[in-house]
Amino acid sequence: HRLPHSAKPPSRILPQRGITMIKILFICHGNICRSVSAQYILQDMVNRENRAECFVIDSAAATREEIGNPIYPPMAAEFRKHGVPIGTHRARQLTRADYDKWDFIIGMDDENRADMMQILGGDPEGKIHLLPEYTERPEHRIEDPWWTGRYGVVFDEIAEGCRGLLESLQKTGKCGNI
């Protein structure tokens, strides 16, 4: 696992420890299933590794359909099943201003990538990626469980992508030894 060639190294430094802050924004269609899952799964992983101070992790939607809505109940049930804590999430839409705020903007499928490119007006700094790029199956796409009902499969695929993302960041030496 490694960062895609186009990935720009994070640039925010925490002066008190010389640690690079890594800002990651996950994107999916409505921000009620996949992207919020990636947000909370990755947050749980960095919390368990005592590296939360190195990360800012959030999520947003590529569309406006679910703005203001919480995590979809069957997805929230998957979190309970896996013991991953969730916060008081409300869906929001990706904006053009988000491009300058985040080091990585990570979608789940090709539709998300197309929407991100349109909303953000392109990707001159190589920040846009898909979560499967950090797995052994980079060509795979994470399905939308709102349509398929396969919440457990999607949870597992997102966890796999988040583990791969953390491993790739560890290899870069960002945030000390993740």
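The values are calculated or read from the model by the stated rules, or taken from the named source; none is laboratory data. Quantities reported herein were computed from a predicted structural model and do not represent experimental measurements. Don't worry about glycine lacking a Cβ; one is built from the backbone with ideal geometry, like all the others, and counts go over all protein chains shown. For the accessible areas, the whole protein counts, side chains as well, though only heavy atoms, and no ligand, DNA or RNA atoms are used. Shrake-Rupley method; radii C 1.70, N 1.55, O 1.52, S 1.80 Å.
Determine the calculated [θ] at 222 nm for the chain from helices alone, applying -39500 (n - 2.57) to every DSSP H run no shorter than 4 residues and normalising by the residue count; nearest 500 deg cm²/dmol.
Value at 222 nm, helices only: -11000 deg cm²/dmol.
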Over all directions, the average projected area of the alpha-carbon convex hull for the range 119-178 comes to how many nm²? 5.7 nm²
Determine the relative contact order of the range 52-178: mean sequence separation of Cα pairs under 8 Å and six or more apart, normalised by residue count, in whole percent. 20 percent
Solvent exposure ordering (accessible area, 1.4 Å, most first) of 34, 51: 51, 34
Could you check the spin-label model distance between residue 56 and residue 80? Points 7 Å from the Cα along Cα→Cβ, value in nm. 3.3 nm
In what sequence, largest accessible area first, do 136, 157 appear using a 1.4 Å probe? 136, 157
With every protein chain kept in place and a 1.4 Å probe, the range 38-178 has an accessible area per residue in Å² of 47 Å²
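Keeping every protein chain in place, order 65, 111 by accessible area at 1.4 Å, biggest value first, i.e. largest first.
65, 111
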What residue among 129, 82, 140 shows peak mean-square fluctuation when the chain is described by a Gaussian network model with Cα springs under 10 Å? 82
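So which DSSP H runs in the chain come out at 27 Å plus along the axis (Cα) with average Kyte-Doolittle of at least 0.5? Kindly include the intermediate steps, with their values, before the conclusion.
Working: long enough: 151-172 (32 Å, 0.07).
Membrane-span-like by this rule: not one helix.
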For the range 91-150, what size does the Cα cloud have along each of its three principal axes, sorted from largest down, in whole Å? 33, 27, 16
Taking a probe of 1.4 angstrom, what is the accessible area of residue 125 in Å², to the nearest 10? 70 Å²
What nm value, rounded to one decimal, do you get for the distance between residue 153 and residue 171 when each label is placed 7 Å out toward the C-beta? 2.8 nm
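Taking every DSSP beta bridge with both residues inside the chain, roughly what % is antiparallel (nearest 5)?
Values: 3 of 17 bridges.
Roughly 20 percent of the beta bridges in the chain run antiparallel, per DSSP.
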Sulfur and carbon atoms: percent of accessible area, the chain [1.4 Å]: 50 percent
Take the Cα atoms of the chain, build their convex hull, and give its volume per residue in Å³. 109 Å³
